[in-house]
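The values are calculated or read from the model by the stated rules, or taken from the named source; none is laboratory data. What you see is a predicted model; the values in this text were computed from it and never measured. Ideal geometry is used to build each Cβ from the backbone, glycine not excepted, and the neighbour counts take in all protein chains shown. For the accessible areas, the whole protein counts, side chains as well, though only heavy atoms, and no ligand, DNA or RNA atoms are used. Shrake-Rupley method; radii C 1.70, N 1.55, O 1.52, S 1.80 Å.
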Amino acid sequence: MASSSKKVEVKIDDQTPHKWCVSLGEETFKRFFSQTNPTVHKVFADGSLFSPLLFGKFFDPSDAFPLWEFESDILLSHLRSSNQSTVDWRQTDEGYILKAEIPGTGKNNIQVHVDKGKVVEISGLWKQQRDSKADWRCGHWWEYGYVRRLEVPEDADWKNIEAYIYNDIFLEIRIPKSQQGCDAPQGKDVA
């Protein structure tokens with residue numbers, strides 16, 4: 001079976017001021033996840049990039065997480081030992097690579113944004129809104145979609161981030177390292 005891939009447009013500086021303004025709290029998530037809806041369980045299950053419990057304790061996926069400060073083998077060891085992880089990342093000499101299975105509900109509608117060069121945001125809908133006039137990202141977003149916000153490493157060339165979808169279910173994001181990053185001064189000089 002041949003694999004298909006398509007490039008995903010990475011949008012720079014998304015200007016949606018009120019998105020993710022409602023935090024997903026742990027108790028809210030527990031009530032929401034206790035539903036018997038199988039799609040909810042697939043989207044937010046252990047091991048999913050979009051699970052608030054991906055990193056071993058509750059962490060709102062709409063808050064930026066410093067992913068690249070951790071090695072995936074260490075941070076996801078509890079999930080890998082039970083074969084539940086659908087996400088992986090690594091750093092190479094050329095850049096950073098994130099791979100994740102995208103929760104499927106038919107044709108994929110994944111979006112990738114870079115927010116002010118500091119955060120890469122991955123989001124998409126898993127359920128259509130009844131009121132199409134309101135932006136799903138401004139309310140109880142977890143009822144309609146998913147998000148994961150990740151801090152961009154300091155040495156990243158965020159203007160050249162690339163994203164690809166393979167077979168409509170696997171996402172790969174490539175963040176190249178900045179070429180001038182090695183020569184640029186870091187921090188303040190202390191005399």
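The figures follow:
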| quantity | calculated |
| --- | --- |
| Residue in segment 37-59 that is among the β-branched types (Val, Ile, Thr), modelled with pLDDT under 90 and part of a loop (DSSP other than H, G, I, E, B) present | no |
| Inter-residue pairs, beta-carbon under 6 Å, first part of a strand (DSSP E or B) and in segment 5-34, second of a type in the set (Gly, Ala, Ser), 6+ apart | Val8/Ala163; Val10/Ala163 |
| Every residue from segment 67-78 that is at pLDDT 85 or above and either open to solvent by less than 30 Å² (accessible area, probe 1.4 Å) or in contact with a Cys (Cβ under 7 Å, 6 or more places away or on another chain) (or both) | Leu67 |
| Whichever residue in segment 119-143 is out of contact with any Phe, Trp or Tyr (no Cβ under 8 Å at 6 or more places or on another chain) and in a loop (DSSP other than H, G, I, E, B) and, among such residues, is nearest to Ala163 (Cα to Cα) | Asp135 |
| Residue satisfying all of: in segment 13-42; of a type in the set (A, V, I, L, M, F, W, C) and out of contact with any Gly (no Cβ under 8 Å at 6 or more places or on another chain); nearest to Ile102 (Cα to Cα) among these | Val40 |
| Test for Ser81: is it modelled with pLDDT under 85, in contact with a Phe, Trp or Tyr (Cβ under 9 Å, 6 or more places away or on another chain) and exposed (fewer than 13 other Cβ atoms within 10 Å of the Cβ) | no |
| Count of segment 148-191 residues which are touching a Gly at 6+ places or on another chain (Cβ under 8 Å), modelled with pLDDT of 90 or more and open to solvent by less than 70 Å² (accessible area, probe 1.4 Å) | 8 |
| Out of Ser34, Ser62, Ser23, sole residue that is modelled with pLDDT of 85 or more, loosely packed, with under 13 Cβ neighbours inside 10 Å and under 21 Å from Trp136 (Cβ atoms) | Ser23 |
| Selection count, segment 98-121, where residues are farther than 16 Å from Glu151 by Cβ, modelled with pLDDT of 85 or more, out of contact with any Leu (no Cβ under 8 Å at 6 or more places or on another chain) and open to solvent by less than 60 Å² (accessible area, probe 1.4 Å) | 0 |
| Single unsatisfied condition, Gly56 versus (1) open to solvent by 30 Å² or more (accessible area, probe 1.4 Å); (2) at negative phi | (2) |
